[in-house]
Every structure is written in structure tokens, then in C-alpha cells.
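The values are calculated or read from the model by the stated rules, or taken from the named source; none is laboratory data. These figures come from a predicted structure and were not determined experimentally. Here Cβ is always computed from backbone atoms with ideal geometry, including for glycine, and neighbour counts include all displayed protein chains. Side chains included, ligands, DNA and RNA excluded: accessible areas come from the protein's heavy atoms. Shrake-Rupley method; radii C 1.70, N 1.55, O 1.52, S 1.80 Å.
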Amino acid sequence: MPQIHLTEPQGKLKKFNVGLRGQQVVLFLLVSLMPLFVVALAIKFLGENALKESVGENLVLLAQEKLARADTAISEKIEKIQAELPNIQAAVVYSNTANDKQSVFLSVWARLEDSIRLLETYAGYKTEVTITNAFGYVLRSNNQQLDYDTTKMFPHRVQNKDWWKRAYNNGIGYPFVEDIVYDEGRGVHFLPIALPIRAATQGSVTQQKNNTVGVLRTFLFLPELTGLVQSLPELAETYTILTSSSGKIIAASPQSEYRIDNYIEMSNAAEEAIIEAKKGSNGKSYDYESEGETDTFGEPRIYGWARTQLSSMEPWKVQQNFSNWMLFTSRPISSAYAGVGRLNRYIFYVTIGSSCIVILIAWWAAQRIATPILKVAQAARSIGQGEFDSEITVDTDNEVGVLAEEFNEMRRNLKNAVDRLTQEEKKLTAIVDNLGEGLIVVDPTGRVLYVNPVAERLLNLEDTAAYENFIAVDTANGTICWTKTVEREGNTETDRRTVDMEILSFSRREGTQHQTMVVEVNIDGNGQDNLTLNASSTLSNKARVERQNSRVLRIIASHFSDEHNNIVGTVYVFDDVTDEHEIEKMKSEFVSLVSHELRTPLTSIIGFISLILEGKTGKINQKQHESLSRAHRQSKRLAALINDLLDISRIEAGRIEMKQERVQIDRIAKRRIEELRPQADQKAISLLFERQSDLLPMIGDADRIGQVFINLIGNAIKFTPESGKVTVRISKSQQNRSVTDGFHVEVIDTGPGIPPEDREKVFDKFRQLGSIHTRKPQGGTGLGLSIAAGIVEAHGGQLWVDGGDDGSGCNFQFFMPLEKREND
């Protein structure tokens, strides 16, 4: 056995040094730089987290500071107004004793003039201030529509206003704050409030008594909210958004493009703030989102938020409008985390510099290890090229020697595996070569990948092993083209054979992946390479050409796909069915002969019985009439059976004649339905007809198409129980990417149905539906569906059966083209 020694010339191994040496360098780098990378990553992540937390906390502090300013502005205004209420208490109490005296109201109105001005100063510029008593009378107001008109008897009353009822609260008194209002024209916010005016100094004891003598109504002028969301030049990219507890925007930075009274985008920060606000005092009052979120305008930002807190020292805030205000501050990630980027760059530069130093050390170390390993790699390469008889020998017991022994074991295992695969390939080839059927496998271009000897013999192809073969089966033009090519002395020799083909039968019932056709093969006895495929004529008056070597073949073409369902080839199977075809032919000819011989005497019998029943041969009694009637019915039934036998015989022989005339399929269906309606009425069956409008005329045989409707509708009525329903539906059918090239016809019943595994059997000859367990025996010839299928296929269509509506009953369907194509 030839051997490969480790002392191979260095010239042959030199080209491998760089690759293996590089691998060694990478290995050293991974080991040497690992601590450096760990430290760098630790600094990176810890530093990033620290910077992000710092930015988030700063945003929270900014939000808390701005929210405190807003809260302080509102609280100070309310405290000033609260401090003025005792000064107007006496006048309000006096008005409650007016007893409809106008003089009292005039006196109170005059006494409150200074207070109204002072309260307007506290509330804000040009804001409404209204003072009412315990009966809802407006004592004084700077709103001209509400102020007391001294020319009238009594002042206005507002006791039905919601703010008055909420603040008065049946004399108990309760501070009431409404939703904030934004005056778009003036560009400022107003906060409507209503405060109870009490008869005594407020305290924990007096608050529980009915001591409320009136209500003060005013609008707090809050320009501070607009200034709150304005960004300083150094914080131009920082957005501030003030919202209610539900996320409704109260004020927002102009550059954020949020509009007042809209709702804030539901980011993680907004969702968290709203959820915490619903928890009240148990929820968090601030937090931040440091990971960054993309807002509506596609910009990644980080958020900090804070919300107002309830206070027992400020009773007007308890469960009031601004008790759960939330303020969001945000900055773009690009500017907020600029320090993170600088940190990452510093870490990167340090890592690169350290790596360069380690690379030099690693290269020197790799030099000392790579050389002997490369020698073993060269030996392994020869084994990888299929030289399994070469064995590596080593003279050392170190790691390189162990590696060589492993390669030798791999060589032996690979050699055994290749030998087994070769044996399996030979076995599979022997099985396919000895199949009883011919087999041809082609790729999508028509190149023959495999052809077994049976196919060569059946098609008289002679030897094909030395050639590159191509086959094209053209069912449209009825030809088979077999091409042989071979390279000889730099020249390409081509032998092309074109064969005419007429198809006996063609079927796609199994779907487009599988096609079945039957042809008659007649091979010349003189040993020529020509191949002729002839079919029996489709005309009843033409005889089949018989030859000594005539064969009838069934050709099954099946596409096969790859794992992505892309068709990668076709398998043709050729089965010699000459004997079966001859037997079927003899049976059909016998049935046709017997049917012809029986129809003539049977016609005479029916005619004579009809004459007797009509009384033209003399008078008959009732018993004779009943007996002759039964004979007449059975004779007609026998005549129908003979006609069915003749039809099926013509269809199988290809001699059935179809008229080519313009017909309207919906009119044919309607006439047949009316003919069968008496049968449906006898069983109280609803016979319905549904059709699509604007159905085009077609080319076909109206009588034969009517026969299809008679067979299908008659079967549906026969197997539908009493009080059932039979529906005939005709619609345009989409075939070949056109919506007007045919019709889809459905005959749907509510009978017992047919199991899926038995549905193909109902189209077999002499197969009665009563033999299927799902239906009761109903009589009949068992030829109706077979005849219907033959007529539909003769028009270029297809007949099949599915389950009925809602899974019950049957739905016999067929497609009928507007005009039969030549290759159908």
C-alpha cells in the first residue's frame, strides 16, 4: 500500500502555511485578548448603564421641577382666593336673609364691588369671578351675562349649574375643580374652580356641619403652563409635555408637534405613567425610560416623567382635575447619549492597540506550531480527493501522531461508506432496469436523466447509453420528439426523430401533477429506427390499422418537486396494456352488438303493447290493462338500458357524435328542470335554479348536454329524501386566467352523501349509487354518471363530485368550456 511520509517537500506545502498559520494566530488572539475584551465589555456596559441612568434621572428632576412650578402657581392662586373668602362671608350671609327683598340684593351687590376686583386680580387677567349665595342667586359677577341687573327685580340664579351643586354639596361645601380649558385665541390656559363660602372659620369640626353660605366661581389664569413647556436655547431638543391622568395633552413644546387636547402616543413611558396614576398614592410618582423609544415622527428619544401628588394640606387637590397631572420630558438619543458614543470610541481605540501587540506575539507562536500540522493537512487532502488507498504514516507519539491515526481511521470509514453506497446504487439500478414497465426520467429542459431497458424496447430506441438524450411529448400537436446527441472528434452529432401521435384517451383527473394517456404503438418490423404511434379513429366509420407488432401503452406522466415545491423533472411510466385493451374492445363490441340486436324487437314490442293499451286492437279488461302497463313500463326501462349501453359503447369507442351549434346552457338546464319537476313534487322536494346573469352562448350539442342535466338532476331527486332540496347552480368559470371561457355547473342535493373514498367510483360503469353504504338501493343501470362524464369530456370539460352544502349531501359539478379546443 503506498504511504505518505511527514517529510514531504516543503515546496508543496508552502501554499498552506498562511492559512493554517492564520488560524493559529486567531486562536492565540482569542485566548490572549479574552481578558482584555472582558474588561472592555464590562467598562462599556457598566459605563453605558451609568450614563443612561444619569440622563434618565436628570430628565426626571427636570420634570419634577417643572411640575412643581405648575402646581405651585395653581396652589398660590387658590390660597389667595381662599384668604379673601372670609371678607365676603358677611355680605353673602346677609343675602341669604333677603326673603326676595330687592333692597338687600342691591346692598350686597354694592358691598362686593371691591372684593370682585381683588378676586379678579388673584385669579388672573380678565377672568370670570362670580359670587353666589346659598340659594344660587348671583350676588356679584364680572360676567355681564350673570351680574345682577339692578333694573330687574331679582338677580340670576345658577342653582342648577353642575359647578354650583358640586361646590355647595347640600350645604356641606366641597372645593370643585373642572377640566382645564385652553384659549387658543389668547394662547393661555384657564382652570375653572368653585369654592364654598363658609359661615365660620374652617376646621375639622365645622367642615362636617352644613355651614356653607355661598359659592365662589372663578377661572384661574395660568400663563405659567405655556412658559412651562418652552425650551431654553441650550435645551432646544428637549420636549416637555403636560397631560392629564388619562394622557390627554394639556400643554406641549411647539417643536414636539403635539396638539393640545390630543392624546399622547402610548409609549412605554406614557403607559407606565398612566398605570401608576390610576394607583393613586400607592403608585410611583416618577420614573424614566432609558432604552429609548421611537416617537410618532420616527425619532428615537428617552423619557422621564413625574406626576402631582395628593396633599391633605390642600383640600382642593383631593380627587380634583390636577391631582394626577403628569409631565413628560424627553431628549433625542443622539444628543442625550453622546457621552456613551465617546466612551465606546475610547474603548475601541484601546482594544485595537492592544490587539496589534498581541498579534505580533501570536504570529511568532503560530510559526512554531503550524509547520508539522500543515504536513498532515496535505496528506488528508489526497484522501479527500478519493485516494482511499493512501495511508499516513508517522514516526512520533505526540499530538500530531494521534491526528494521523485519526485520519487513517477516517480513510477506512469513508472507503467502507463509499463501497456501501456503490452497492446500493447498483441494486437500485438493477431493480429499476428489471421493472415490468418502461421508465423515463427527464429534467425540466427535456434532457433524459434515466431510461430503463423496458422503455427502450417498447419505444424501439435501441441503445441510448452512449448518447445525451432529449424527449419532448407534445400532446397539443400529437408528436413525440426523441433527440440523441454525441460528441465525436470535436463535432456534435445529432439524431432527431419526430413521431406523429394520436391519443386514444387523455385524463387529468388526478390533478395537473399527474397526466394519463393511452396510445397504440406500432413498431416497424424491418428494424428501422423510426417509431410510429397511431390511435384509433374518433369517427365510427374508420377502421383501426392493424399491424403485426402493434401494442397499446398507457403513459403516465408525473412531475416531481424539490423541497421548495419547484418542479425539477418529470417521470414517464409506460405500461403495456395491449391485452386489457383488446378485452375491453371485445366487451364493448359485444355489448354494442347485443344492444343493437335487442333494440329492434324491443321497439316492436313497445309499439304493439302501446296499440293494445290504446284500444286499437280491441277492448281489454282492467286486469289485462294493468298487466300490459307493467310490461310496457319494463319494456321502456329495458329500452333505456339498451340506449345507455349504446351510448357508453359509442363513448368508449370514440364514435359518439356531437353537434356543433350555438346553445344557451342555462336555457337547456331550465327545460330539463321543468321536465323533472313532477318527480320532485311527488316527494315534496324543492327544485331550485340559480344562474349568473349575462351567461354567454357556447358551442355544443344541446341534446347531449340536456342528457347530462337529466342524469345528474334525476339522481339528485332519486337520492334526496322527502321535503329535501335540490339546487342547480350555473356560474361563469375562471379557467386559463379568463373569467368568460366556460361555465361551472353544480347540482347540489340534501341526500345522505357519498364518502370521500368512494366518490371516484361512482363514475365507473355499472356502478350503482345504492351499492355505496351511504345511500339506499334505488335501482337504475349504473351507467348514467359514466355517460354524463363521457359527454362532458367530449365537450372538453370535466365532471367530479364533492360534498354538499354544510358537509351534507352531494355536489356533482362539471366545467364546460365555451368551445372545445382542438387538443381536448
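In a DSSP loop and with at most 13 other Cβ atoms within 10 Å, the chymotrypsin sites (Phe, Trp or Tyr not before Pro) in segment 86-130 are Tyr125. Assuming R0 = 41 Å, can you tell me the calculated FRET efficiency for the pair Val31 and Gln423, based on Cβ-Cβ distance, to the nearest 0.05? Once the sixth-power term is evaluated, E becomes 0.30. Cβ-Cβ distance of Glu468 and Phe560, R₀ of 22 Å, FRET efficiency by 1/(1 + (r/R0)^6): the value works out to about 0.60.
Taking the Cα centre of each part, how many Å lie between segment 707-731 and segment 121-165? Their Cα centres are 84 Å away from one another.
Taking 7 Å steps out from each Cα toward its Cβ at Lys683 and Lys616 produces label points 3.5 nm apart. The residues of segment 214-297 have, on average, 49 Å² of accessible surface per residue, using a 1.4 Å probe with all protein chains present. Each Lys or Arg adds one and each Asp or Glu subtracts one; over the other residues with Cβ under 15 Å from the Cβ of Glu437, this totals -3. Pairs from the table (Lys718/Lys761; Lys126/Lys165; Lys659/Lys732; Lys248/Lys284; Lys670/Lys718) lying more than 21 angstrom apart at Cα are Lys126/Lys165; Lys659/Lys732. Segment 664-736 gives an Rg/Rh value of 1.00, both radii derived from C-alpha positions and Rh following Kirkwood. Within segment 16-105, the ratio Rg/Rh, alpha carbon atoms throughout and Rh by Kirkwood, equals 1.77. Under the simplified labelling scheme, the Glu661-Glu626 pair shows an inter-label distance of 4.4 nm, with each label point 7 Å from Cα along Cα→Cβ.
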